[in-house]
Amino acid sequence: MTTSPGFSPAPQPKSAQAPQPASSSHSARQAPVIADAAYLASLKKVTQYYLVTAFLALLVGTLMGPLQALNYGGINVYDNPILKALLKSYYQGLSLHGVLNALVFTQFFISGFLLYLPARDLGMKINMKFAWFTYVLMTAGLLTAAVPLLTNDATLLYTFYPPMEGSPVFYIGAAVMVGSSLLVVGQVVNMWMRWKRANPGSVTPLVAFMSVATWMMWAVAALGIVTEVVFLLIPWSLGWVAGVDPLISKTLFWWTGHAIVYFWVLPAYIAWYAFLPNHAGGRIVSEPLVRLTFVMFLLNSTPVGLHHQYADPNISVTWKTMHMFLTFLIAIPSLLTAFSVAASLEDAARARGGRGLFGWMLKLPWGRPTFSAPVLAMVSFILGGAGGIVNASSTFAPVIHNTAWIPGHFHITVGTATTLTFMGISLWLIPHLTGKRMPSVRLASAAVWTWFVGMMVFALGMHWQGLYGVPRRALVSATAQSVYRDMPIAIPQLLTAISGVILLVSAVLYFYVLFRMLLSKRVDDGEVSSPIPYSEVISPAGTKLAGASALVRYTEPLLALWGVALLLVLLMYGPVLARLFANAELVPGWRLY
Amino acid sequence: MSAPRPAGQRLDHHTLEKYENIWFGIATVMALFLFVTVLASFFSGTYPSLTGEGGHHITGVKNGRLNPKNFAATPFATPGLRQNADGTYEAFVVAKAFQFEPAVLKVPVGRPVTIHVTSADVLHGYYIEGTNINATAIPGQVTSFTTTFRRPGTLNLICNEYCGTGHHNMINSVKVEVQEP
C-alpha cells in the first residue's frame, strides 16, 4: 500500500506507531439476529413477492422500449400487423412503458426493499398479516389499472393529464396501488417508533434511518397525487361532477411528480451509501453526513414541483421562482452523495493498491455486477443530475420543455441511476432471500454494462434531438409534415435507434439471469452465502445519543422533521393551490385516442 | 475520534471532514450562483416569461379563465393577429385536436406581439421551432406572453403536449412578415 497523494492524512506528530491502515475503521454492523425462523421466512417471502412483481412489470414495460427508440430513430414499426394486434397505437405502448417502468416497477421494488431493510436492521418484528395484506392490495390495484391500459381505455401516458379522460377503472386501480404504499409507510414508521421506545437514547442505525426518512418523504409527496386521483379524477370519470380543472390536477400531479423521483432514487442512494463500499472493499465515509443528506431530502424534495410548470399560465412567476430556488438547493445533498460515495470507492481502490490521481479507478472490481451496476448507475446520475439543473432553470427550460431532451434526461436518472442499481441489488438480494445462486456472473456483468452503454447512447441521441425541438412522446416517425425530415438529426436518430437494440440485448441478458436464478433450486442458506452487505465505517454516528455529535442529535428526531417537511410543503403549495381553486374553471373530458 | 491514529495510508476522519466541508461550501455556492444567474436573465429579458394571469383585459376572460364552450363571447372566436388602437399587436390562437387556428399565424417582424393561446379540448403544447417559445394551451384558461420575432421567415409551430392519436401531425406555422410601409 502506498500513501494516497489525494488524501494525505493530517500530520500527527504524536503518533509513533507503525502504520496500521485499518486502525481508524469501525467494523461493519451486525444486524440483530432474528430467532423466529417462521417469521423470517415470511418476511423474506413477502419481500421476494414484491421484487418479482416489480421485475415482471419491468419486463413488460422494457419490451415496449425498443419500439419507441426505433420511432425516435425515424422508423415506424407500429403499422406491423402483429404489433397492431397487440397495441392499438404508439401512445398505448408508451402509456404501458411509462406506467409499468416508472410507477409500478419502482413502487413494488421499493415497497419490498425498504420494508425488509429496516425490519432486519432494527431486528423488529412486524405484523406479517398486515404486510401480506398490503402486498395483495397493491397487486390488486395494479391488476385493476392494467385492464384499461391493455384494452386501450387509459391511453393517457403516465402523467394522465385531464381533460384527456380514461376509464374510471384506471384511476381507481391506480389510487389503490399508490395508496397501498402509504400502508408500507405506516408499517415502517410504526416499527421504527416501537424500536425507539424499546431503545431510549439510542441512535437509529444508518440503514433504518435512511429507510424511515425515505418513507416519510414519500408520504408527504404522495399527498398530491392521492388528492388528485381520489377527490378530482375518480368523481369526474364516474360522471359525478361535470368537469375538471386541468391546471389544478396538473399542479397536484407535480406536487408528487417531482418528489417521486427522489422516492425512486433514495433507495438507490441507500445501496450506494451502505452496501456499495462493501461490494468495492471500502468503507462508508461518514454516517452523520449521510443522515444530513437524507434529512435534506426529507425536507426539500417536495416543495419544488412548480419547476415542471414553467410553461403553464395562471401560476405566478414569483412562486415558480421560489420552487426553482428550492430545486437548486436539492442538488446539494446529491452533490454531497457524489463526494461521499466517490471517497468510499477511492478508499476501496487504494486499499487494493490503487494509486495515482485517477489511476486508482482501475483497481475497482469492474467485472463484478453487484459492484458495476451501482457504480455505472452513479456515473449516469452525474450526467443526469447536470441535465436536471438545466431542466429546473426557468430560463433554459423553454428550450427543452417537452422535447426529446426530457426522456433523454430521465432514462439516465430513473432509467439508469435507479433501475440499474435495483438490477444490481437483485443480484445479491435474491440470493440472500432465497438461497439461490446467480447463474452466471459473466452474463449478469454483460447485462449491466450493455444497459449502461445503451442508456448513454440513447440519452445522447435524445438530448441531441431535443435541442433541435423534436417533441417528446410523439409518433414522429409517422408525422405527415416534413418538419423532422428537414432537421439535421440523422446522427442522433441513428444513435437512438441503435440504443434500442443494445437495450433489448441487455434486457434479454438480464431477465435470462434473473429468471434462471429464480427458477433454480435453493442451494445455500442466504444468511451465510449472501448476507446483507453492511460496510465498515470511517466516521460512525455512534450508538448512543448522549455524547453523539450535534449533527447526529439534530437528525435523530425524524418525526419532528417529518412535521417540518409537511409544513414547508403547505407553505410552498398552499397559496398557489388556494388561488387555483378560487379561480377554478371546470371543463369536460375528452377521449381522443 | 477516540485513539490517536497513526499516519496510515487510508483515508481518515479528519482529512475527510475537511474535504467534506469544502465540498459542502462549493455545492452551496454553486446552487446560489445558479439562482442568481437565472434572476439576471429575468432582468435582461432573454426569457419570455408567462404573465401570471393571462389576458386580463380581454373581453370574456376573467382571472385568466374563459368558458371553453363559449368562444363567441371572446376574441378567440376569430383567431389571428390584430392591431390595437394604440398600435400594439395581439394574436389569438386556439389549439384543438389536431390543429392550431389560425393554421398560419402572420406576425410582423421586429415588433412586440402578445400571443394569447387557449385550447378547445384537451391540453396542447405551443412550441415554435428554433425559439424559446414553449407554452401549454389549457382548455378554460388563457396563456399569454409577449415576444418579438427578429427575422422574417416561416417557423414551424409544433404541438408538444400529448393530445391524442393525431398528436404527431399537429404542426402548423408562424409566418414572420416584413411590414408594408
When the residues of region A:428-454 are filtered to those that are among the hydroxyl-bearing types (Ser, Thr, Tyr) and part of a helix (DSSP H, G or I), which remaining residue is farthest from A:Gln48 (Cα to Cα)?
-> A:Thr450
Just wondering, is there one or more residues in region A:137-155 that are touching a helix residue (DSSP H, G or I) at 6+ places or on another chain (Cβ under 7 Å), in a loop (DSSP other than H, G, I, E, B) and crowded, with 22+ Cβ neighbours inside 10 Å?
-> yes
Using the structure shown, decide if A:Pro407 is part of a helix (DSSP H, G or I), surrounded by 21 or more Cβ atoms within 10 Å (Cβ to Cβ) and within 14 Å of chain B (Cβ to nearest Cβ).
-> yes
Can you pull out the helices (runs of 4 or more DSSP H) entirely within region A:192-302 that have at least 1 residues that are surrounded by 24 or more Cβ atoms within 10 Å (Cβ to Cβ) and not charged (D, E, K, R)?
-> A:206-227, A:246-270, A:276-280, A:287-300
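For (1) in a helix (DSSP H, G or I); (2) more than 10 Å from chain B (Cβ to nearest Cβ); (3) free of Cβ contacts under 8 Å to residues at least 12 places away in the same chain; (4) in contact with a Gly (Cβ under 8 Å, 6 or more places away or on another chain), each residue gets a yes or a no:
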{"position": "A:Met456", "(1), (2), (3), (4)": "yes, yes, no, no"}
{"position": "A:Leu460", "(1), (2), (3), (4)": "yes, yes, no, yes"}
{"position": "A:Ala474", "(1), (2), (3), (4)": "no, no, yes, no"}
{"position": "A:Ala480", "(1), (2), (3), (4)": "no, no, yes, no"}
{"position": "A:Tyr484", "(1), (2), (3), (4)": "yes, no, no, yes"}
{"position": "A:Leu494", "(1), (2), (3), (4)": "yes, yes, no, yes"}
{"position": "A:Ala497", "(1), (2), (3), (4)": "yes, yes, no, yes"}
{"position": "A:Leu503", "(1), (2), (3), (4)": "yes, yes, no, yes"}
Might you let me know whether region A:158-180 holds any residue that is more than 30 Å from A:Asp312 (Cβ to Cβ), under 20 Å from the mean Cα position of the chain (by Cα) and in a helix (DSSP H, G or I)?
-> yes
Region B:117-139 - residue that is more than 8 Å from chain A (Cβ to nearest Cβ) and crowded, with 23+ Cβ neighbours inside 10 Å and, of those, nearest to B:Gln83 (Cα to Cα) = B:Val117
Sole exception among (1) over 30 Å from B:Val122 (Cα atoms); (2) surrounded by fewer than 17 Cβ atoms within 10 Å (Cβ to Cβ) for A:Pro575, by number = (1)
Picking from B:Val94, B:Val122, B:Val107, the residue that is among the hydrophobic types (A, V, I, L, M, F, W, C) and assigned to a loop (DSSP other than H, G, I, E, B) would be B:Val122
Just wondering, is there one or more residues in region A:72-88 that are in contact with a Ser or Thr (Cβ under 9 Å, 6 or more places away or on another chain) and assigned to a helix (DSSP H, G or I)?
-> no
Tell me, which residue of region B:166-177 that is in contact (Cβ under 8 Å) with a residue 40 or more places away in the chain and within 7 Å of another protein chain (Cβ to nearest Cβ) is surrounded by the fewest Cβ atoms within 10 Å (Cβ to Cβ)?
-> B:Asn169
Strands (runs of 3 or more DSSP E) wholly inside region B:136-181 containing at least 3 residues that are among the β-branched types (Val, Ile, Thr) = B:143-148, B:171-177
Select the helices (runs of 4 or more DSSP H) contained entirely in region A:513-593, then report the ones holding at least 1 residues which are within 12 Å of chain B (Cβ to nearest Cβ) and over 30 Å from A:Met193 (Cβ atoms).
-> A:558-582
Going by the structure shown, is A:Leu357 touching a Gly at 6+ places or on another chain (Cβ under 8 Å), surrounded by fewer than 21 Cβ atoms within 10 Å (Cβ to Cβ) and at pLDDT below 95?
-> yes
Per-region count, region A:386-404, residues more than 9 Å from chain B (Cβ to nearest Cβ) and in a helix (DSSP H, G or I) = 5
Kindly indicate whether A:Ala242 is within 30 Å of B:Gln141 (Cα to Cα), out of contact with any Asp or Glu (no Cβ under 6 Å at 6 or more places or on another chain), modelled with pLDDT under 95 and not hydroxyl-bearing (Ser, Thr, Tyr).
-> yes
Report whether or not A:Leu383 is more than 17 Å from the chain's Cα centre (by Cα) and either within 11 Å of chain B (Cβ to nearest Cβ) or in contact (Cβ under 8 Å) with a residue 60 or more places away in the chain (or both).
-> no
Listed residues A:Ala349, A:Ala338, A:Ala342; which is over 30 Å from B:His116 (Cα atoms) and touching a residue at least 60 places away in the same chain (Cβ under 8 Å)?
-> A:Ala349
Among residues of region B:45-67 being within 10 Å of another protein chain (Cβ to nearest Cβ) and modelled with pLDDT of 75 or more, the residue surrounded by the fewest Cβ atoms within 10 Å (Cβ to Cβ) is B:Lys62
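The values are calculated or read from the model by the stated rules, or taken from the named source; none is laboratory data. Note that the structure is predicted; figures quoted are calculated from it, not measured. Note that each Cβ is placed from the backbone with ideal geometry, even for glycine, and that neighbours are counted across all protein chains shown.
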